[in-house]
Structure formats: structure tokens, C-alpha cells
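Asker: Handing you a structure now.
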Amino acid sequence: MAALRDRGAIVSGFDTSAGMLELARQRVGDGADLQLADLGSPLPYADDTFDDVAASLVLHYLEDWGPALAELRRTLKPGGRLIASVDHPFAINLIHREAGREAECNYFDTTQWTVEWTVGGQTALVSRWHRPLHAMIEAFIRAGFRITAISEPDPEPAARELFPEAIAAEPRFLCFLFFVLQAG
């Protein structure tokens, strides 16, 4: 958000967490309209407000993408873009296979999976929804988007320096999918 603002964009953002909004305010200062809102509910923005919307690694936390995509579509101007990133559906299969839990994740099913994260000495259970690529594409199309790009990028060059063993073992590990979607 700060990088966009620094390039001249007028930025707005929302989160369901007041704590995350406070962290965002610390990063971007008063130069952004940050609001408390839930992606699965009506958003506090008028129709046709934005040229672009970025949804970075948030959709996979929702069981049903329909209401969220409809709201994001509503806030976009005609021809506006939704730039979205999600966990790559194949990555979930790899994670389960490596953990010896193959039976828990069928690529073609939409299923919830939960992992335990420990950060800064605090542990939390984090749940996400796996869905196959065709289910993602169908959700985007149903919401009135036209897919203009799908990307499975290589790891960032800096990652090769930070995690040389991991990158050497999985040089083309598919972790994220990036979509550029145009509002119809």
C-alpha cells in the first residue's frame, strides 16, 4: 500500500482486525483511508469507486468467494481490475504429502485445512480453504470478471540467497497464484 501511495495512487484499505489497521496506519501514515470492514460483508465504499483493487492472500480464508467477489466487483469502475493472489492449490497437496497427510486433501475438492503457526512465541491455529483452479476460475467468472492474466512466478531472487537449501530442493515450487481480473 505504501509503495502504491508513494507512486501517486490514492489508496484505501480495510481489514477485520483493528490491530492490523493500526499496523497499516504506522506504515502509511495518514495518507490512506483505512477502515474496519469484513470482506464477506457489504463494504463501506460506493459503487464504481476504484480503478484497481488488490486482494493479496485473503480469498483463501473464505469458504464462499461469491459475496466477497461481488462486493469487490461492485466497488470497481467499469473496466477496473482486481489483482488477487492466493495459495496455489497444488501447494496444499505438497504440504499434506510432506506431512504424511495425503488423505486429508484431494486436489479436486474444496476443503478447509488448519495449520498451527508459532510467531513471536505465540501459537495460533490458522484455517484456510483449498479449492482447485477450476473452482477459482468459475468463481471469478460468476462474479463478472474476465481473466486477463494468471501467473505462477519464480521465487524472488533474494529468496535464493535467504533460503538456498529450500530453493535448491524445490527450484520451481508453486506457492502462489496471481490473477489479474477485469470487471465487465
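Asker: Which of the following residues is closer than 26 Å to residue 126 by Cα and surrounded by fewer than 17 Cβ atoms within 10 Å (Cβ to Cβ): 86, 58, 53?
Answerer: The match here is 58.
Asker: Name the single residue, out of those in the stretch 12-24 being in a helix (DSSP H, G or I) and touching a strand residue (DSSP E or B) at 6+ places or on another chain (Cβ under 8 Å), that is farthest from residue 83 (Cα to Cα). Quick ask: steps written out before the conclusion?
Answerer: To start, the set of residues in the stretch 12-24 that are in a helix (DSSP H, G or I) comprises 18-24.
Adding the requirement that they be touching a strand residue (DSSP E or B) at 6+ places or on another chain (Cβ under 8 Å) leaves 18, 21, 24.
Values: 18: 24, 21: 20, 24: 19 Å.
Among those residues, the one meeting the criterion is 18.
Asker: If you don't mind, another one. Looking at the stretch 38-50, which of its residues are surrounded by fewer than 12 Cβ atoms within 10 Å (Cβ to Cβ) and either at pLDDT below 95 or not aliphatic (A, V, I, L, M) (or both)?
Answerer: Result: 41, 42, 47.
Asker: Oh, and also: Evaluate the stretch 4-11: report whether one residue or more is without any contact (Cβ under 8 Å) to a residue 40 or more places away in the chain, charged (D, E, K, R) and either assigned to a loop (DSSP other than H, G, I, E, B) or open to solvent by less than 30 Å² (accessible area, probe 1.4 Å) (or both).
Answerer: There is at least one residue in the stretch 4-11 that is without any contact (Cβ under 8 Å) to a residue 40 or more places away in the chain, charged (D, E, K, R) and either assigned to a loop (DSSP other than H, G, I, E, B) or open to solvent by less than 30 Å² (accessible area, probe 1.4 Å) (or both).
Asker: List the number of the failed condition for residue 106; all other conditions in (1) out of contact with any helix residue (DSSP H, G or I) (no Cβ under 8 Å at 6 or more places or on another chain); (2) exposed (fewer than 13 other Cβ atoms within 10 Å of the Cβ); (3) not aromatic (Phe, Trp, Tyr) hold.
Answerer: Condition (2) is where residue 106 drops out.
Asker: Same structure, new question: If you scan the stretch 25-37, which residues turn out to be surrounded by 13 or more Cβ atoms within 10 Å (Cβ to Cβ), outside any strand (DSSP E or B) and at pLDDT 90 or above?
Answerer: 25, 37
Asker: Being farther than 19 Å from residue 91 by Cβ and at pLDDT 90 or above is the filter here, so list the residues in the stretch 141-176 that pass it.
Answerer: Answer for the stretch 141-176, where residues must be farther than 19 Å from residue 91 by Cβ and at pLDDT 90 or above: 141, 142, 143, 144, 145, 146, 147, 148, 149.
The values are calculated or read from the model by the stated rules, or taken from the named source; none is laboratory data. Values in this document were obtained by computation on a predicted structure and should not be read as measured data. Every residue, glycine as well, gets a Cβ built from its backbone with ideal geometry; the counts of neighbours run over all protein chains shown. In case anyone asks, the SASA skips ligands and DNA or RNA and just uses the protein heavy atoms, side chains included. Shrake-Rupley method; radii C 1.70, N 1.55, O 1.52, S 1.80 Å.
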